[in-house]
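Asks: Mind looking over this structure? Questions follow.
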Amino acid sequence: MIRLRGQSKSDIQRRASWLIEDDQLHLWRIGLDEPADVVDGLYKLLNEEEQERVAGFLVDQQASRFTVCRATVRQILSSYLGCDPQKIEFEKGEFGKPHLRAKWRKQPLKFNITHSADLGVLAITKNCEVGVDVERIRTIRGLPRMVERCLVRTEQDDVMNSDVNHRGREFLRFWTHKEAYLKTYGVGIRQPMDKVTIDLAAPPSQRVVNHSDVFPDETKAYISEVWPGDDYVGAVSVAGTTEFAIETFSWVGGREHA
Ligand SMILES: CC(C)(COP(=O)(O)OP(=O)(O)OC[C@H]1O[C@@H](n2cnc3c(N)ncnc32)[C@H](O)[C@@H]1OP(=O)(O)O)[C@@H](O)C(=O)NCCC(=O)NCCS
């Protein structure tokens with residue numbers, strides 16, 4: 001289990017650029033609630049399509065959180081790639097997974113983003129596809145129905161046999177493992193969640209115990225649980241079974257470091 005405490009801004013400022021090795025996974029914790037002047041500055045880093053997305057949000061808070069998340073992802077990736085944040089170009093996979101456009105793949109970075117409430121997490125690896133999911137722990141309306149729809153029998157028993165006050169959290173632990181796994185392979189949750197079985201007690205390379213032929217080919221994953229904060233649960237998944245060393249960092253203040 002990984003706690004995302006991260007390094008401070010001054011640690012980050014000491015480093016001009018970021019290097020990542022084949023067996024490393026970097027997890028960046030991003031605070032999404034920033035003052036209006038910071039959000040305005042970050043907005044300028046977004047491209048036209050992203051600015052159109054901002055305009056499409058009906059709730060101001062969602063618009064500013066999206067702005068902070070996407071602009072910060074640009075800033076962080078740019079410090080690995082050694083380029084201006086605005087210059088990074090993304091493309092999307094068949095079901096919407098963002099990747100770096102081919103011309104940015106000189107350094108073969110893979111990444112995935114998740115956000116829940118005021119927290120974003122960016123996962124970065126060098127060569128292997130990665131998927132990440134975090135969820136704020138909350139009361140889940142219609143929990144028994146969700147449990148039945150999304151979990152297999154053994155998982156359902158684990159959740160429903162847990163302390164009544166912790167059932168929501170236990171459900172979200174399974175949920176985030178499944179979503180992180182499905183996001184690794186770019187399909188997201190269009191695949192029914194109950195087609196994937198998770199063993200939360202297994203070592204990271206054996207947590208997916210059954211995927212009911214969701215994917216015909218490469219389907220192994222190295223999945224670690226992450227606790228990005230007291231009120232959150234999460235999981236990060238990397239394609240394959242190789243062990244990854246996970247390093248965690250925080251992006252503070254919504255500004256590019258010097
Ligand atoms: C991707 C998906 C799992 C997101 O679920 P979520 O819990 O709402 O969101 P999260 O915060 O965990 O992740 C969202 C991020 O995942 C990334 N993402 C989007 N599609 C993805 C995919 N297919 N695989 C992996 N990552 C994906 C994006 O970066 C997105 O954030 P952004 O749009 O702000 O950049 C969900 O939308 C999904 O299953 N999509 C699959 C495609 C699909 O069915 N689309 C129809 C939607 S109408």
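Asks: Please work out which one of (1) closer than 27 Å to Arg190 by Cβ; (2) more than 11 Å from the ligand (Cβ to nearest atom) is the condition Gly93 fails and give its number.
Replies: (2)
Asks: Output the residue which, of all residues in the stretch 144-156 that are away from the ligand (no atom under 16 Å from the Cβ) and surrounded by 15 or more Cβ atoms within 10 Å (Cβ to Cβ), is nearest to Thr184 (Cα to Cα).
Replies: Pass one, the stretch 144-156, residues away from the ligand (no atom under 16 Å from the Cβ): 144-145, 147-148, 151-156.
From the residues that got through so far, the ones that are surrounded by 15 or more Cβ atoms within 10 Å (Cβ to Cβ) too are 147, 151-152, 155-156.
Details: Val147: 23, Leu151: 19, Val152: 21, Glu155: 21, Gln156: 24 Å.
Result: Leu151.
Asks: Here is a further query. If I ask for residues that are in contact (Cβ under 8 Å) with a residue 24 or more places away in the chain and of a type in the set (D, E, K, R), which ones from the stretch 146-156 would you list?
Replies: Keep residues of the stretch 146-156 that are in contact (Cβ under 8 Å) with a residue 24 or more places away in the chain, which gives 146-147, 149-152, 154-155.
Arg149, Glu155 - these are the residues of the stretch 146-156 that are in contact (Cβ under 8 Å) with a residue 24 or more places away in the chain and of a type in the set (D, E, K, R).
Asks: Is it true that Tyr43 is touching a helix residue (DSSP H, G or I) at 6+ places or on another chain (Cβ under 9 Å), more than 21 Å from Gly188 (Cβ to Cβ) and in contact (Cβ under 8 Å) with a residue 12 or more places away in the chain? It would help to see each step written out before you state the result.
Replies: Values: touching a helix residue (DSSP H, G or I) at 6+ places or on another chain (Cβ under 9 Å): yes; more than 21 Å from Gly188 (Cβ to Cβ): yes; in contact (Cβ under 8 Å) with a residue 12 or more places away in the chain: yes.
Spelling it out, Tyr43 is indeed touching a helix residue (DSSP H, G or I) at 6+ places or on another chain (Cβ under 9 Å), more than 21 Å from Gly188 (Cβ to Cβ) and in contact (Cβ under 8 Å) with a residue 12 or more places away in the chain.
Asks: Pull up the stretch 106-140, narrow it to residues that are over 14 Å from the mean Cα position of the chain (by Cα) and closer than 30 Å to Asn165 by Cα, then point me to the one that is farthest from the ligand (Cβ to nearest atom). Please lay out each step first, then the result.
Replies: Pass one, the stretch 106-140, residues over 14 Å from the mean Cα position of the chain (by Cα): 106-109, 126-128, 137-140.
Then keep just the ones that are closer than 30 Å to Asn165 by Cα; that gives 137-140.
Details: Ile137: 14, Arg138: 13, Thr139: 17, Ile140: 13 Å.
Out of the qualifying residues, it is Thr139.
Asks: From (1) among the charged types (D, E, K, R); (2) more than 14 Å from the ligand (Cβ to nearest atom); (3) in contact with a strand residue (DSSP E or B) (Cβ under 9 Å, 6 or more places away or on another chain), pick out the condition that doesn't hold for Lys103.
Replies: Lys103 satisfies all of (1) among the charged types (D, E, K, R); (2) more than 14 Å from the ligand (Cβ to nearest atom); (3) in contact with a strand residue (DSSP E or B) (Cβ under 9 Å, 6 or more places away or on another chain) except (3).
Asks: Take the residues of the stretch 206-219 that are modelled with pLDDT of 80 or more and surrounded by fewer than 16 Cβ atoms within 10 Å (Cβ to Cβ): which is farthest from Phe171 (Cα to Cα)? Don't jump to the end; show me each part of the working.
Replies: At the first step, the residues of the stretch 206-219 found to be modelled with pLDDT of 80 or more are 206-209.
Next, from what is left, pick out any that are surrounded by fewer than 16 Cβ atoms within 10 Å (Cβ to Cβ): 206, 209.
Working: Gln206: 19, Val209: 17 Å.
Taking the candidates together, the pick is Gln206.
Asks: Every residue in the stretch 176-198 that is within 15 Å of the ligand (Cβ to nearest atom) and surrounded by 24 or more Cβ atoms within 10 Å (Cβ to Cβ), please. It would help to see each step written out before you state the result.
Replies: Of the residues in the stretch 176-198, the ones within 15 Å of the ligand (Cβ to nearest atom) are 176-196.
Once the filter is applied, which keeps residues that are within 15 Å of the ligand (Cβ to nearest atom) and surrounded by 24 or more Cβ atoms within 10 Å (Cβ to Cβ), the stretch 176-198 yields Thr176, His177, Lys178, Glu179, Ala180, Tyr181, Leu182, Lys183, Thr184, Val196.
Asks: Of the residues that make up the stretch 54-65, is at least one modelled with pLDDT of 95 or more, in contact with a Gly (Cβ under 9 Å, 6 or more places away or on another chain) and surrounded by 18 or more Cβ atoms within 10 Å (Cβ to Cβ)?
Replies: yes
Asks: Next question, about the same structure. Please specify each residue of the stretch 58-75 satisfying the condition of being within 16 Å of Glu89 (Cα to Cα) and away from the ligand (no atom under 12 Å from the Cβ).
Replies: Listed by number, the list holds a single entry, Gln75.
Asks: Follow-up. Based on this model, can you work out whether Lys220 counts as touching a residue at least 12 places away in the same chain (Cβ under 8 Å), charged (D, E, K, R) and within 13 Å of the ligand (Cβ to nearest atom)? Before the answer, list the steps.
Replies: On the way: touching a residue at least 12 places away in the same chain (Cβ under 8 Å): yes; charged (D, E, K, R): yes; within 13 Å of the ligand (Cβ to nearest atom): no.
In short, no.
Asks: Could you list all residues from the stretch 87-116 that are touching a residue at least 40 places away in the same chain (Cβ under 8 Å) and among the small types (Gly, Ala, Ser)?
Replies: Gly93, Gly96, Ser116
Asks: Let me ask something else about it. Where residues in the stretch 157-172 are surrounded by fewer than 24 Cβ atoms within 10 Å (Cβ to Cβ) and in contact (Cβ under 8 Å) with a residue 40 or more places away in the chain, which of them is farthest from the ligand (Cβ to nearest atom)?
Replies: Taking the candidates together, the pick is Asp158.
The values are calculated or read from the model by the stated rules, or taken from the named source; none is laboratory data. Please read all numbers here as calculations on a predicted model, not as lab measurements. In this analysis, Cβ positions are derived from the backbone assuming ideal geometry, glycine residues included, and neighbour counts consider all displayed protein chains.
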